[in-house]
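Read through the structure below, which is laid out as structure tokens, and then see the notes.
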Amino acid sequence: MPDKSATSETAETPVTTNPETPAVPRKIYPIVKYGDPVLEKPAKPITKFDAELEELAEDMFATMYAAQGIGLAAPQIGKSIRIAVVDVTSGKNPEAKIVLVNPEITHGEGEKREEEGCLSIPGFRGYVVRPHFVTIKAQDLKGETFEIRGEDLLARAFCHEIDHLNGILFLQHLGMLKRDLIKRKIKKLKKQGEW
Ligand SMILES: [Zn+2]
């Protein structure tokens, strides 16, 4: 999820944004934008829980913080695999870092309509109805299954990121008029070479 866009200038720039191990330079990935087919296809389940996956998760956090987002799913860095990272504190609290591998929503409750954005659709926002509370079943980086409950913004971030892993963008939750308007504007930006 949201907010400001990452530019390709940040790509490959080693920075230290991981609050737990500030000495390790992380890879900052370029963020894939709307129009790339990787964003609209279901990602593959992860079966290998190794050091490489741990590195990827840390690089995803670094990429997300650099882009000032609160969630990032692997398809957004061009990898069609089922892993997403979430931190609704934007790096302020290291304990708020959540890695979801092969996540599933097992329960949703209530409804909340809030404005939402996406790092892959920079500059555009829209109101999306999401469950107020959700329960997620996922695996951690070691492959252990766990359950986590989210409320409000955290519930929204979980739903948004799991949508990404299923090839669904928030645009698909908007009304047709709003969705078409955004798509038209993006088309125009593409023509101008600004997307
Ligand atoms: Zn998104």
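The values are calculated or read from the model by the stated rules, or taken from the named source; none is laboratory data. Computed from a predicted structure; not experimentally measured. So basically every Cβ, Gly included, is an ideal-geometry build from the backbone, and we count neighbours across all protein chains shown.
Out of (1) surrounded by fewer than 17 Cβ atoms within 10 Å (Cβ to Cβ); (2) free of Cβ contacts under 8 Å to residues at least 40 places away in the same chain, the odd one out for Gln68 is which?
For Gln68, the failing item is (2).
Being away from the ligand (no atom under 15 Å from the Cβ), among the charged types (D, E, K, R) and not in a loop (DSSP other than H, G, I, E, B) is the filter here; which residues of segment 117-141 pass it?
Of everything in segment 117-141, just one residue is away from the ligand (no atom under 15 Å from the Cβ), among the charged types (D, E, K, R) and not in a loop (DSSP other than H, G, I, E, B), namely Lys137.
Please go through segment 84-101 and pick out each residue that is of a type in the set (A, V, I, L, M) and out of contact with any helix residue (DSSP H, G or I) (no Cβ under 6 Å at 6 or more places or on another chain).
Hits for segment 84-101 are Ala96, Ile98, Leu100, Val101.
Look through Thr63, Thr13, Thr21 and report the one residue that is at pLDDT below 95, within 25 Å of Gly117 (Cα to Cα) and either part of a loop (DSSP other than H, G, I, E, B) or within 16 Å of the ligand (Cβ to nearest atom) (or both).
Checking each option against the conditions leaves just Thr13.
Among the residues of segment 71-95 satisfying the criterion of being part of a strand (DSSP E or B) and β-branched (Val, Ile, Thr), which is surrounded by the fewest Cβ atoms within 10 Å (Cβ to Cβ)?
Ile81
How many of the residues in segment 148-195 are within 14 Å of the chain's Cα centre (by Cα) and assigned to a loop (DSSP other than H, G, I, E, B)?
Residues in segment 148-195 being within 14 Å of the chain's Cα centre (by Cα) and assigned to a loop (DSSP other than H, G, I, E, B): 4 in total.
For every residue, the table says whether it meets (1) surrounded by fewer than 17 Cβ atoms within 10 Å (Cβ to Cβ); (2) out of contact with any helix residue (DSSP H, G or I) (no Cβ under 6 Å at 6 or more places or on another chain); (3) more than 27 Å from Tyr127 (Cα to Cα); (4) modelled with pLDDT under 95.
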{"position": "Lys4", "(1), (2), (3), (4)": "yes, yes, no, yes"}
{"position": "Gly35", "(1), (2), (3), (4)": "yes, yes, no, no"}
{"position": "Leu39", "(1), (2), (3), (4)": "no, no, no, no"}
{"position": "Pro103", "(1), (2), (3), (4)": "no, no, no, no"}
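Look through Phe124, Phe146 and report the one residue that is of a type outside the set (Gly, Ala, Ser), in contact with a Lys or Arg (Cβ under 9 Å, 6 or more places away or on another chain) and buried (at least 16 other Cβ atoms within 10 Å of the Cβ).
From the options Phe124, Phe146, the qualifying one is Phe124.
Just the residues that are within 20 Å of Gly91 (Cα to Cα) and touching a strand residue (DSSP E or B) at 6+ places or on another chain (Cβ under 6 Å), please, taken from segment 29-57.
Ala57, the sole residue that qualifies.
Considering Glu55, Glu114, which residue is over 18 Å from Glu144 (Cβ atoms), modelled with pLDDT of 95 or more and in a strand (DSSP E or B)?
Glu114
How about segment 154-178: which of its residues are touching a residue at least 40 places away in the same chain (Cβ under 8 Å) and away from the ligand (no atom under 14 Å from the Cβ)?
Hits for segment 154-178 are Leu154, Ala155, Lys178.
Which one is nearest to the ligand (Cβ to nearest atom) among residues in segment 86-116 that are within 19 Å of Leu174 (Cα to Cα) and not small (Gly, Ala, Ser)?
Applying the filter and picking the extreme gives Glu116.
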